[in-house]
Amino acid sequence: MASSNDSISKTIIVAVALCLVCSIFVAGAAVGLKPIQQENRDLDRKRNILAAAQMLQPGESVEEVFATVEKRLVNMEAGRFATDAELQDAGVNVDSYNQQAAAKDPELSTSLKGESDPASIKRRAKFAAVYVVKDENAKARIILPVHGYGLWSTMYGFMALESDLSTVVGFGFYQQAETPGLGGEVDNPNWKALWEGKEVYNEEGEAVIRLAKGSVDSNDPNASHKVDGLSGATLTSRGVTNLVQYWLGSEGFGPFLAELRSEGV
């Protein structure tokens, strides 16, 4: 007598077969879509770089505008552009270099602890990808990657500096998970616009730019070094101050920028 279609064994066989087919379909879709996802991530990164430098106007092609930007790697330990020999020895390719991934690789990064890590990043990549835009007078505007911990997340962003390598052109985060409506206001265009024209360094060359407690007092002699704090987001505000001072300071891009100034780039 034929077995019932409602038997346990047939039910299990059908369930396993269905799971297998679905798994194959999902895996195939993930593999097939991976190049598109990577392309979209690259496009978004380029868009954020151009936005920090205020180079992208509505309707313009991201790829066409980004073609005027030169990606270069900085040797963070030496405070200068990395040489081809250094990159070759490290097995690093400029075009494909991923700084976030490198920071997790003990061979390509340096461990940071205690007072040497005010931005709470734990490891700093030995090479940093910066983006250079030169005007008709060969003066360079530079876009720097920065990151550090806020309240809930590591915030990743870009800061663009004028050719004097101190005046902020623009600043913004492209990845963060701070509290919406509070620390998440780092994504507010109005707040990001407050950074334009601010000065990173004081007369002694120290990175002193910071978020104020509340609004910046225009009569404050240090107003040019301060940006309005984020209301109700003390820890996120502190995190932003720590990360910009770290990356623009002596342990970050400070020596590299000083070298560029001395060369008149």
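See the values below:
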quantity: C-alpha center-to-center spacing [segment 42-75, segment 227-253] in angstrom; calculated: 24
quantity: Part-to-part distance (alpha-carbon centres) for segment 178-221 and segment 112-128, which is given in Å; calculated: 22
quantity: Top positive-direction residue, dipole computed over segment 7-89 with Cβ charges, set T68, V16, L43; calculated: V16
quantity: Estimated FRET transfer efficiency when R0 is 25 angstrom, pair N98-R261 (beta carbons, to 0.05); calculated: 0.30
quantity: T234-E162 FRET efficiency (beta carbon distance; Förster radius 41 Å; 0.05 resolution); calculated: 0.85
quantity: D44 versus Q175: modelled label distance in nm, points set 7 Å from Cα along the beta carbon direction; calculated: 0.9
quantity: Cα-centre dipole for the chain with unit charges at Cβ (Lys and Arg positive, Asp and Glu negative), debye to 20; calculated: 820
quantity: Rel. contact order, % - alpha carbon contacts under 8 angstrom, at least six apart, segment 69-263; calculated: 19
quantity: Neighbour-count ranking [beta-carbon atoms within 10 angstrom, fewest first] of V130, V69; calculated: V69, V130
quantity: Over 18 Å between alpha carbons, listed pairs K192/K226; K46/K122; K46/K71; K71/K126; calculated: K46/K122
quantity: Extension gain (nm, one decimal) between V31 and Q54, 0.36 nm per residue minus Cα-Cα; calculated: 4.8 nm
quantity: Kyte-Doolittle mean at least -1.0 and Cα axial length at least 27 Å: DSSP H helices in the chain; calculated: 8-52
quantity: Likely footprinting exposure, T236, T83, T241, T179, fewest C-beta neighbours within 10 Å first; calculated: T83, T179, T241, T236
quantity: Cα-projected label distance for S9 with S215, points at 7 Å along beta-carbon direction, nm; calculated: 8.0
quantity: Area projected by the alpha carbon convex hull of the chain, averaged over all directions, nm²; calculated: 21.4
quantity: Fewest-first sequence of K113, K198 by Cβ atoms within 10 Å of each Cβ; calculated: K113, K198
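Since every read-out is calculated from the coordinates, none of them should be taken as a lab result. Since we're looking at a predicted model, the values are computed, not measured. Cβ sites come from the backbone with ideal geometry, for glycine too, and all protein chains shown count toward neighbours.
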